[in-house]
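Have a look at the structure below before the remarks.
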């Protein structure tokens, strides 16, 4: 969970501007930047990120929804593309948020805390798909709470 949050934060930092006509093109550079630095993630985060298929839904300020597919392999984003709402991608995680929340995280001096606060108050919703992912998500949430308590997050 913590690794997914960190990855999401890194990817969300790429969302400038969210309402861009070509969001995939705008984000492509940021994803590449993330991948260039992914080897600096601690090994336990890399193992938690593993192989995920993420469906990210962003509600823009003008009321439109943008859907993105992110695929990670060994903590690297290997696929990042805009998709239609009903596109079947075999997602393992579904994440929903708003443009305002993303902008709040982007402008924050402490993006991780801002992200965690947004997750805690429902501005970011992370839903695992499937029984095994639900169990892993629950365990990751417990580990995240412990790491926050110990001051690691």
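The values are calculated or read from the model by the stated rules, or taken from the named source; none is laboratory data. Computed from a predicted model, the values in this text were never measured in an experiment. Here the Cβ positions follow ideal geometry from the backbone for every residue, glycine too, while neighbour counts run over all protein chains shown.
Here are some notes:
- Against the criterion of being at pLDDT below 85, over 16 Å from the mean Cα position of the chain (by Cα) and either surrounded by 18 or more Cβ atoms within 10 Å (Cβ to Cβ) or on the phi > 0 side of the Ramachandran plot (or both), residue 90 does not qualify.
- Matching residues in the stretch 65-89 - criterion: being in contact (Cβ under 8 Å) with a residue 12 or more places away in the chain and over 27 Å from residue 37 (Cα atoms): 65, 84, 85, 87
Conditions tested, residue by residue: (1) at pLDDT below 70; (2) assigned to a strand (DSSP E or B); (3) surrounded by 18 or more Cβ atoms within 10 Å (Cβ to Cβ).
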{"residue": "11", "(1), (2), (3)": "yes, no, yes"}
{"residue": "19", "(1), (2), (3)": "yes, no, no"}
{"residue": "24", "(1), (2), (3)": "yes, no, no"}
{"residue": "37", "(1), (2), (3)": "no, no, no"}
{"residue": "44", "(1), (2), (3)": "yes, no, no"}
{"residue": "53", "(1), (2), (3)": "no, yes, no"}
{"residue": "56", "(1), (2), (3)": "no, yes, yes"}
{"residue": "63", "(1), (2), (3)": "no, no, no"}
{"residue": "72", "(1), (2), (3)": "no, yes, yes"}
